[in-house]
Amino acid sequence: MRFGVVGTNFVSDFFMNGAKEVAECEVAAVCSGRKENAIKFAEKYQIPLVFDNYIEMIESKEIDAIYLAVPNSLHYEITCECIKRGIPTLTEKPFASNYNEAKHMIELSKEYKTYLHDGLIPMYTDNFQILKDNLHLVGKVRRGVFVFGKYSSRYDAYLRGENPTTFRRELCNGSCMDIGVYAIGDAVALFGKPKKIIATGILLDTGVDGLGSCTLIYDTFEVCIQHSKITDTKIISEIQGEEGTIQIDMPSRMDGMWFYPRNPERAGMHKVDESGKVLLSKPSQEGFTYQLRDFIENVKEGRPESLKLPHQMTLDIMEVLTECRRQMGVIYPCDEKEIG
């Protein structure tokens, strides 16, 4: 399958690392609004075709599918154009800028019978499936804690007044959209849409959140989420139940997971080490490797969506994400526009 890549930032490098591990994936073209960036990217990865206009690329007949690594504010527009031209599309997270955009994108994919893929990595990994399969070990779930905080490499530039893209309201950025989406995605994929949401955030002068937290309330348990682009954290994520706790090293990758049984003698076949834990995870690959294999399989099978991250789950995640932003007071220009 010949892919075209739109965007040449560091996430596109991750995509290329994953693509080289998938035999059925060929990156045939790259596009950037700054053609010099596309040329450098093409030279770095020996990509034959270079474009500075994504419409020209998707109408060139030189690609079979497309990967979008563009600013959040452009996800909706470019995804819709790809769908209308029948190009299977992998849209980077967050899938859209708000729930209404996501809903219309998915409606279009059904209308044009074009495969549309949400690029939220964790759901496609083997370790996420292992987590789902072993969730019963904790017994009755009482609390989930998902924490993802990473001091942005561009925050220093923001403090110097350079206005980097990471913290621009017009580009639909901010902590919740950039990394909080992983934690929210994990929670919704595991437990479904919550009954109630309580969200707060610390806003920067640009009008986006530098950090924030939210509590997702379910019938018999709660999920507490913390996210930050302006601080680091050493707090580990975990799912707490009446029979034990599962710890997760990073919500965005799920590389390492451990089960701590409350009563080791009742852990059954699970071997508990000297520190009282059981390793659940297995060595993982680059996240895009999982995604691309899933993408190609679904397109070949003629499915309209991924079985691992179906469109309804995407809509549920986007609904929670949009409500969290609303409660924090992070409003984007596109939030006030009519869709469709």
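Could you tell me which residue of segment 192-216 is farthest from the chain's Cα centre (by Cα), considering only residues that are touching a residue at least 60 places away in the same chain (Cβ under 8 Å) and in a loop (DSSP other than H, G, I, E, B)? It would help to see each step written out before you state the result.
Our first condition is that a residue be touching a residue at least 60 places away in the same chain (Cβ under 8 Å); within segment 192-216, this holds for 192-194, 197-201, 203, 207-209, 211-212, 214, 216.
Those left that are additionally in a loop (DSSP other than H, G, I, E, B): 192-194, 207-208.
Values: 192: 16, 193: 17, 194: 19, 207: 22, 208: 19 Å.
Checked segment 192-216; the qualifying residue farthest from the chain's Cα centre (by Cα) is 207.
Would it be correct to say that residue 44 is over 23 Å from the mean Cα position of the chain (by Cα), closer than 29 Å to residue 317 by Cβ, at pLDDT 95 or above and not aliphatic (A, V, I, L, M)? Reasoning before the result, please.
Values: over 23 Å from the mean Cα position of the chain (by Cα): yes; closer than 29 Å to residue 317 by Cβ: no; at pLDDT 95 or above: yes; not aliphatic (A, V, I, L, M): yes.
So residue 44 does not fit the description; no.
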Pairing a residue in segment 158-177 that is over 23 Å from residue 225 (Cβ atoms) with any residue that is at pLDDT 95 or above and of a type in the set (Asp, Glu), where Cβ atoms lie under 6 Å and the two sit 6 or more apart in sequence or on different chains, gives none
Subset of segment 4-30, residues in a strand (DSSP E or B) and touching an Asp or Glu at 6+ places or on another chain (Cβ under 7 Å), comes to 28, 29
Checked segment 81-100 for anything under 19 Å from the mean Cα position of the chain (by Cα) and open to solvent by less than 20 Å² (accessible area, probe 1.4 Å); matches are 88, 89, 90, 91, 92, 94, 95, 96, 97, 98
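Which of the helices (runs of 4 or more DSSP H) found entirely inside segment 101-191 contain at least 2 residues meeting this: out of contact with any helix residue (DSSP H, G or I) (no Cβ under 7 Å at 6 or more places or on another chain) and open to solvent by less than 10 Å² (accessible area, probe 1.4 Å)?
Here the list reads 126-134, 181-191.
The values are calculated or read from the model by the stated rules, or taken from the named source; none is laboratory data. Predicted, not measured: the structure shown is a model, and the values here were computed from it. Don't worry about glycine lacking a Cβ; one is built from the backbone with ideal geometry, like all the others, and counts go over all protein chains shown. For the accessible areas, the whole protein counts, side chains as well, though only heavy atoms, and no ligand, DNA or RNA atoms are used. Shrake-Rupley method; radii C 1.70, N 1.55, O 1.52, S 1.80 Å.
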